[in-house]
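For reference, the structure is listed below as C-alpha cells.
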Amino acid sequence: MPFCTWAVLKILTYSVYAPVFPRCPCSTWLQQLRLPRIKAFLGVSMCELLGMSANVPTDICFSFTGLVQRGGGTGPHKDGWGITFYEGKGCRTFKDPQPSFNSPIAKLVQDYPIKSRSVVAHIRQANRGEVALENTHPFTRELWGRNWTYAHNGQLSGYKSLETGNFRPIGETDSEKAFCWLLHKLTERYPRTPGNMTAVFKYIASLATQLREKGVFNMLLSDGRYVMAFCSTNLFWITRRAPFGVAKLLDQDVEIDFQRETTPNDVVTVIATQPLTGNETWQKIMPGEWALFCLGERVV
C-alpha cells in the first residue's frame, strides 16, 4: 500500500475515535479535519446540485431524470431531494426525504413538464442533521420582495457561531445555517433593495469564499432572475443553443433530440455537480470561482 494511502487511512481511523481521547492534543484538530477536508481530499460524494437558467420557460425533465437516478440508484445520495421552479414572482417547490430514484413525487416531476426560466434542485447525502423534510434542500426565504432559493453541496465546520439575525434556521443543517447567515449579511450591507444586482452577487461570492474556508461549499443560489453557481470542489455547466443536437444521459438509457424540443432562439444553461450527459462538452467552474447566469447566458 502506498504510504500516502496508508497515512490517510490512519488519519481517518483515528479521527473516528478522536472524541474518545479528549486529552490528546490531536483530538480537536482531527475532529475539525476529518469531516470536510478529508472527504474532499478523497473525493467522497456528499450531495449533488442541479440548476437551470433559460431565456424562455423551459422544462428540466431530461436533466432531472438523470439526476434522480443518482439519488439511491446509480449514486449514494438517498437521503432526500428537492427542486424549486420559478414562475413569475412565485415559485413552486417539491421535496421528499425519500430517495429520489424511486420517489413517486420525483416521478411526477419527471412526467409533468413544468416550465421555468430558473430552477434549483438538490439530492442529499446527509452529513449534518437527520433525514427529515426540514433538512431537505433547496431552502427558500424572502428578501427584498423576492423568493431566494439556495442549495449547498459540502460540509462545514465552525458554522454554529455564524450570526443569522432575523433569518432563523428551521432544520439542523450547516447548509441552512450558512444560507441564513448569507441573507443576514446581505441585509446588513443593503438595508434597502439594491439596484445593481451584479454587485450584490459579487458580494455574495466574497461571503461564499469565507464559508469555503470552513470546509466544502458548493452552492446554487437564485432570486428567480439570476442563477449563481459557486464552486468549492466540483461544478460544471453547459449552454445549449442553436443548432441543437442529441444529448444522451450518463445514468439512464435516455436520449433527447433538442432540435425537436426547442426553437432557434432558445438559450438554456444547465449547471450540475457532475456532467449529466456523455456526448456533450461541459465547462468546469474552477474551485474558488463562481459564475452568474441570467436568461440562459453567463453574465459573470
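The values are calculated or read from the model by the stated rules, or taken from the named source; none is laboratory data. These figures come from a predicted structure and were not determined experimentally. Quick reminder, even Gly has a Cβ in these numbers, built from the backbone with ideal geometry, and neighbours come from all protein chains shown.
What the table shows:
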| item | result |
| --- | --- |
| Failed item, numbered, when T173 is tested on (1) touching a Pro at 6+ places or on another chain (Cβ under 9 Å); (2) of a type outside the set (K, R); (3) closer than 16 Å to C47 by Cβ | (1) |
| Residue selected from the range 263-284 under the condition surrounded by fewer than 19 Cβ atoms within 10 Å (Cβ to Cβ) and either among the β-branched types (V, I, T) or in contact with a Gly (Cβ under 7 Å, 6 or more places away or on another chain) (or both), by the criterion nearest to G66 (Cα to Cα) | T281 |
| Qualifying residue in the range 128-143 (condition: among the acidic types (D, E), modelled with pLDDT of 95 or more and within 17 Å of the chain's Cα centre (by Cα)) | yes |
| Selection status of R117, in a strand (DSSP E or B) and either over 14 Å from the mean Cα position of the chain (by Cα) or surrounded by fewer than 21 Cβ atoms within 10 Å (Cβ to Cβ) (or both) | yes |
| Set G165, G154, G158: member being on the phi > 0 side of the Ramachandran plot and either in contact with a strand residue (DSSP E or B) (Cβ under 6 Å, 6 or more places away or on another chain) or not assigned by TED's automatic domain parsing to the domain that holds I271 (or both) | G154 |
| Qualifying strands (runs of 3 or more DSSP E) (wholly inside the range 137-239; at least 1 residues being polar (S, T, N, Q)) | 139-143, 146-153, 218-222 |
| Residue match in the range 134-149 (condition: farther than 16 Å from Y86 by Cβ, touching a residue at least 12 places away in the same chain (Cβ under 8 Å) and surrounded by fewer than 24 Cβ atoms within 10 Å (Cβ to Cβ)) | yes |
| Considering residues of the range 108-149 that are touching a strand residue (DSSP E or B) at 6+ places or on another chain (Cβ under 6 Å) and among the hydroxyl-bearing types (S, T, Y) only, the residue nearest to E172 (Cα to Cα) | T136 |
| Matching residues in the range 73-104 - criterion: being under 23 Å from L250 (Cβ atoms) and in a helix (DSSP H, G or I) | S100, F101, N102 |
| Qualifying positions in the range 254-277 - in a loop (DSSP other than H, G, I, E, B) and within 26 Å of V299 (Cα to Cα) | T262, T263, P264, N265, D266, T273, Q274, P275, L276 |
| Failed item in (1) buried (at least 19 other Cβ atoms within 10 Å of the Cβ); (2) part of a loop (DSSP other than H, G, I, E, B); (3) modelled with pLDDT of 95 or more, with D251 passing the rest | (3) |
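The rows are residues; the columns are (1) under 20 Å from the mean Cα position of the chain (by Cα); (2) without any contact (Cβ under 8 Å) to a residue 40 or more places away in the chain; (3) assigned by TED's automatic domain parsing to the domain that holds L143.
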site	(1), (2), (3)
L182	yes, yes, yes
M197	no, yes, yes
L207	yes, yes, yes
L220	yes, no, yes
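Yes or no, residue by residue, for (1) of a type in the set (V, I, T); (2) touching a residue at least 40 places away in the same chain (Cβ under 8 Å):
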site	(1), (2)
S157	no, yes
E163	no, no
T187	yes, yes
L211	no, yes
